[in-house]
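*Asks:* Just passing along the structure, written as structure tokens.
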Amino acid sequence: MEMKVWVNYQEVTVFEGATAKDALLRFFVLNGIDLSKISQVEVSDFWGHEIDIDAPLRYNMSINFKFKS
């Protein structure tokens with residue numbers, strides 16, 4: 001079963017039970033970002049609270065990421 005989530009305000013479809021990392025990897029592929037950069041991101045939820053890259057996602061959840069300085 002599929003689930004829709006939002007990564008940096010872009011809709012991404014992932015499998016049910018996906019983690020933030022799974023959604024980020026899908027986002028990177030869709031946007032042509034080098035997958036090796038996954039280790040260089042900080043992830044936050046809709047409210048700006050930092051979350052772990054292995055955090056589970058729920059349907060229609062929004063996350064944001066930025067590259068570490």
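The values are calculated or read from the model by the stated rules, or taken from the named source; none is laboratory data. On a predicted model such as this, the values are computed, not experimentally measured, just so you know. Every residue, glycine as well, gets a Cβ built from its backbone with ideal geometry; the counts of neighbours run over all protein chains shown. Calculation scope for accessible area: heavy atoms of the full protein, side chains included, ligands and nucleic acids excluded. Shrake-Rupley method; radii C 1.70, N 1.55, O 1.52, S 1.80 Å.
*Asks:* Could you identify the single residue in ILE63, ILE53 that is surrounded by 15 or more Cβ atoms within 10 Å (Cβ to Cβ) and in a strand (DSSP E or B)?
*Replies:* Sole residue among the options that is surrounded by 15 or more Cβ atoms within 10 Å (Cβ to Cβ) and in a strand (DSSP E or B): ILE63.
*Asks:* Here is a follow-up. Does PHE27 satisfy the condition of being surrounded by fewer than 16 Cβ atoms within 10 Å (Cβ to Cβ) and aromatic (Phe, Trp, Tyr)?
*Replies:* Criteria not met by PHE27.
*Asks:* I would also like to ask the following. Restricting attention to region 39-50, report how many residues are surrounded by 15 or more Cβ atoms within 10 Å (Cβ to Cβ) and farther than 10 Å from VAL7 by Cβ.
*Replies:* Number of matching residues: 3.
*Asks:* Follow-up. I'm trying to understand the selection: among the residues of region 4-24, which are in a loop (DSSP other than H, G, I, E, B), open to solvent by 80 Å² or more (accessible area, probe 1.4 Å) and not hydroxyl-bearing (Ser, Thr, Tyr)?
*Replies:* GLU16
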